[in-house]
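For reference, the structure discussed in these notes is given below.
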Amino acid sequence: MAATLYNRDILRLAASLVPDDRLESADGTAEARAPLCGSRIQAEVAFNSDDKISALAFRASACALGQASAAILRANAVGTSIDTIVTIRSQISEMLTAGGPPPQIWRDLVLLSPAKDYVSRHATILLPYDALLAAAENVKTSV
C-alpha cells in the first residue's frame, strides 16, 4: 500500500480509538462486518431527547483505515442526527467510488480520500457508519 494511505495522520487517528470502548447505558447496539477483509466493528449509541447522538462507542477489529474512520466518527458525532450520519456516509462512499469531494463537515475525513484507489479498503472505511446506523435502527425496533 502506498505510504500516503497509511500515513502518520491515519495511524494517529487509529491509535486514538479506545480499545474496549463501551457506554454505560446504550440505546442501541450493533455489529457490522466487512466480508472482503474481515474487519468487524461493534457500535453502541445513546440519543438525547432531540434524537441527536449523545454518546457513541466503538470496538474495532479492523485495519488502521477502519479504526481511523471510527475515530473520526466517534470524535465528531455527538450532537449529530442519524439523517446527517446517513448523508456523511453517502458522501464518503461517493468520494471513494466516484471521485467526489470529501465531506466538508469534519475536516479529518479528507485523510481517507487516498483510499479511493484501494477498492478493498472502501468497506472498512464505511464500516463504523454501517455499525452506527444498524445500532440506531435497533433503537427504533426495540422501542
Being surrounded by fewer than 17 Cβ atoms within 10 Å (Cβ to Cβ) and small (Gly, Ala, Ser) is the filter here; which residues of the stretch 32-49 pass it? Gly38, Ser49
Residues located in the stretch 117-143, provided they are open to solvent by 90 Å² or more (accessible area, probe 1.4 Å), over 20 Å from Phe58 (Cα atoms) and not acidic (Asp, Glu): Val119, Thr141, Val143
From the residues in the stretch 76-90 that are open to solvent by 10 Å² or more (accessible area, probe 1.4 Å) and in contact (Cβ under 8 Å) with a residue 40 or more places away in the chain, which one is farthest from the chain's Cα centre (by Cα)? Ile82
One residue is enough: does the stretch 13-29 have a residue meeting the conditions closer than 15 Å to Leu112 by Cα, open to solvent by less than 60 Å² (accessible area, probe 1.4 Å) and of a type in the set (A, V, I, L, M, F, W, C)? yes
Please indicate, with yes or no, whether at least one residue in the stretch 108-117 is within 22 Å of Thr4 (Cβ to Cβ), in contact with a strand residue (DSSP E or B) (Cβ under 6 Å, 6 or more places away or on another chain) and small (Gly, Ala, Ser). no
Exactly one of Ser93, Ser69 is crowded, with 22+ Cβ neighbours inside 10 Å and of a type in the set (S, T, N, Q), and that residue is Ser69
Select from the stretch 6-29 the residues that are of a type in the set (A, V, I, L, M, F, W, C), over 19 Å from Ala68 (Cα atoms) and touching a residue at least 40 places away in the same chain (Cβ under 8 Å) and list them in ascending order. Ala26
Does Thr87 qualify as being over 21 Å from Leu5 (Cβ atoms), modelled with pLDDT under 95 and hydroxyl-bearing (Ser, Thr, Tyr)? no
Matching residues in the stretch 91-110 - criterion: being farther than 14 Å from Leu132 by Cβ and in a helix (DSSP H, G or I): Gln91, Ser93, Glu94, Met95, Leu96, Thr97, Ala98, Arg107, Asp108, Leu109, Val110
Looking only at the stretch 14-32, count how many residues are closer than 18 Å to Cys63 by Cβ and outside any loop (DSSP other than H, G, I, E, B). 5
Being at pLDDT below 95, touching a helix residue (DSSP H, G or I) at 6+ places or on another chain (Cβ under 7 Å), among the small types (Gly, Ala, Ser) and not in a loop (DSSP other than H, G, I, E, B) is the requirement here; does Ala60 meet it? yes
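The values are calculated or read from the model by the stated rules, or taken from the named source; none is laboratory data. As the structure is a computational prediction, the values presented were derived from the model and not from experiment. Reconstructed Cβ throughout: ideal geometry from the backbone, glycine too, with neighbour counts over all protein chains shown. Only protein heavy atoms, including side chains, enter the accessible area calculation; ligands, DNA and RNA are left aside. Shrake-Rupley method; radii C 1.70, N 1.55, O 1.52, S 1.80 Å.
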